[in-house]
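First up is the structure itself, then whatever we jot down about it.
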Amino acid sequence: MLSSQQEIHIQQAYASLQQALSWYDGFRRHWNHPSDPELQAAVRKDLQALKGALEKLEQNIIRIAAFGLVSRGKSAVINALIGQKLLDTGPLHGVTQWPKSVRWVPPGGKVQVEFIDTPGLNEIEGETRANIAKEVAYQADLILFVVAGDITRTEYEALEKLQHSQKPLILVFNKIDLYPDQDYQEIYQQLRATKTDNQNPIFSPEEIVMVAAEPQPILVKIKYPDGKVTEEWEKPSPQIEELRKKILTVLNQEGRSLLSLNVLMQAKEAEENIAKKTLKIRHKEAETIIWNFTKSKAIAVAINPIAFLDIIGGMITDLALIRALARLYGLPITSYEAGKLWEKILISSGGLLLGELSTLLILGIGKSIFAAVSFFESPAALMTYGSTATMQGLIAGYYAYIVGKAAQEYLEKGCSWSPVGPSTIIQNIINDVDSRTLIYRLQKKL
Ligand SMILES: Nc1nc2c(ncn2[C@@H]2O[C@H](COP(=O)(O)OP(=O)(O)OP(=O)(O)O)[C@@H](O)[C@H]2O)c(=O)[nH]1
Ligand SMILES: [Mg+2]
């Protein structure tokens with residue numbers, strides 16, 4: 001992928017985050033509603049997450065986390081990649097007890113890398129383990145999943161979970177020095193054949209790398225010039241070049257896009273949480289607004305004697321209802337988006353509203369005629385006018401109610417789909433990447 005393309009992704013992510021922050025951070029001031037301490041407390045963490053995401057983007061550090069069961073060589077792999085023994089390794093299970101990060105400036109690279117070493121997935125117990133793993137995965141832009149032998153059930157489950165969290169992943173098969181050549185080929189083929197529950201291969205060949213991060217010392221015979229022969233243990237150098245190359249390629253080809261994607265996913269989650277919590281806390285007020293609009297739309301449509309005008313009036317009421325809800329929640333929606341939303345509701349409710357329009361038009365014309373006639377004619381005509389109007393009002397009111405409900409649903413889920421919303425930008429990036437990237441394959445798999 002061109003680096004200019006990656007810059008565009010960064011810029012788009014940046015714009016999206018800034019817009020979200022300037023909105024949500026100040027959004028209690030946007031409208032006339034008194035500030036609501038309960039709501040502020042509820043969304044504090046999500047606002048923090050949004051700010052964190054922006055900072056991450058500004059820092060321009062790509063986070064690569066090593067995951068795997070105990071003693072697979074996670075720490076050793078990071079050491080070998082950096083070329084320094086910065087992290088403790090050892091044969092005992094659970095050498096690494098807490099996540100630890102080390103910096104790496106790749107040769108000639110413009111980006112900085114932070115490697116995150118983690119405790120073995122089966123080391124930390126229960127909930128704490130799940131939380132630590134989740135937190136690290138959340139922060140990571142790329143995951144190295146380290147195995148050293150056949151994939152166990154626990155490894156398989158962890159892999160599946162990571163796939164669902166849409167994280168790009170490289171499977172690192174470590175300790176190949178322990179296997180004779182033939183076995184090694186067999187294992188490689190097996191890994192390639194590993195399937196998910198719905199029969200898709202978990203890894204494509206580009207995502208499997210075989211390494212020996214800390215090969216076992218081997219006994220070598222040394223012959224001295226004087227004819228004396230001794231045996232000494234010698235440490236072979238690690239076989240890690242292929243993985244290092246792979247990582248450098250990923251960093252160059254899509255590092256900045258991966259960073260943008262990850263940051264946007266964090267923003268998406270935060271924005272959706274904010275919307276969800278706001279909707280919950282303002283639920284009662286929203287119901288009142290919807291109900292009031294429903295009533296007033298029903299009455300207005302019923303008493304208005306002129307066809308078309310009541311339809312246009314009804315549309316305006318619907319739009320006003322959408323705006324009123326957005327205002328109540330303090331969620332971003334422009335009039336343009338309100339209009340689009342109204343259209344969407346119109347389409348997605350399977351022409352329900354279209355039904356409303358035509359019924360209203362027919363009834364409306366009838367009503368207009370009756371209105372005209374009833375000036376000159378009998379009270380009977382007036383009665384017909386009355387019942388037509390009631391019916392029309394009820395229908396209109398009913399649709400106002402539907403619009404209100406649909407608007408709520410949109411505001412909860414769809415905010416992130418606005419033109420600069422994180423979901424929209426994520427989609428843009430995914431559509432934009434070329435077929436050799438991890439991002440592309442990630443999206444193919446999902
Ligand atoms: N033969 C061989 N042994 C290795 C290799 N890489 C690591 N080891 C050994 O495997 C053991 C575990 O390595 P670590 O790097 O500590 O493994 P870890 O996954 O970080 O383990 P925990 O932190 O305990 O979860 C150590 O004794 C390493 O020397 C390798 O490529 N070949
Ligand atoms: Mg370790």
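A few comments on the model shown:
- Filter pass, G94 being more than 10 Å from ligand 2 (Cβ to nearest atom) and at pLDDT below 90: no
- When K85 is tested against the conditions (1) touching a helix residue (DSSP H, G or I) at 6+ places or on another chain (Cβ under 8 Å); (2) under 15 Å from L251 (Cβ atoms), the lone failure is (2).
- Residue within the stretch 18-30 that is farther than 24 Å from E241 by Cβ, open to solvent by 30 Å² or more (accessible area, probe 1.4 Å) and at pLDDT 90 or above present: yes
- If you check A53, A65, A76 for being in contact (Cβ under 8 Å) with a residue 60 or more places away in the chain, within 13 Å of ligand 2 (Cβ to nearest atom) and in a helix (DSSP H, G or I), only one passes: A76.
- Looking across the stretch 194-215, just one residue is open to solvent by 60 Å² or more (accessible area, probe 1.4 Å) and either within 16 Å of ligand 2 (Cβ to nearest atom) or aliphatic (A, V, I, L, M) (or both), and that is E214.
- For I78, the criteria (1) more than 10 Å from ligand 1 (Cβ to nearest atom); (2) at negative phi hold in every case but one, which is (1).
- Exclusive hit being of a type in the set (D, E, K, R), within 15 Å of ligand 1 (Cβ to nearest atom) and under 29 Å from R256 (Cβ atoms), set D183, D88, D117, D141: D117
- When the strands (runs of 3 or more DSSP E) confined to the stretch 129-225 are screened for residues that are of a type in the set (D, E, K, R), those reaching at least 2 such residues are found at 218-223.
- Meets criteria (more than 17 Å from L169 (Cα to Cα) and either small (G, A, S) or within 13 Å of ligand 2 (Cβ to nearest atom) (or both)) for V70: yes
The values are calculated or read from the model by the stated rules, or taken from the named source; none is laboratory data. A quick note: this is a predicted structure, and the numbers were derived from the prediction, not measured. Counting neighbours? That spans all protein chains shown, and the Cβs are built from the backbone with ideal geometry, glycine included. Side chains are part of the model used for accessible areas, which takes the heavy atoms of the whole protein and leaves out ligands, DNA and RNA. Shrake-Rupley method; radii C 1.70, N 1.55, O 1.52, S 1.80 Å.
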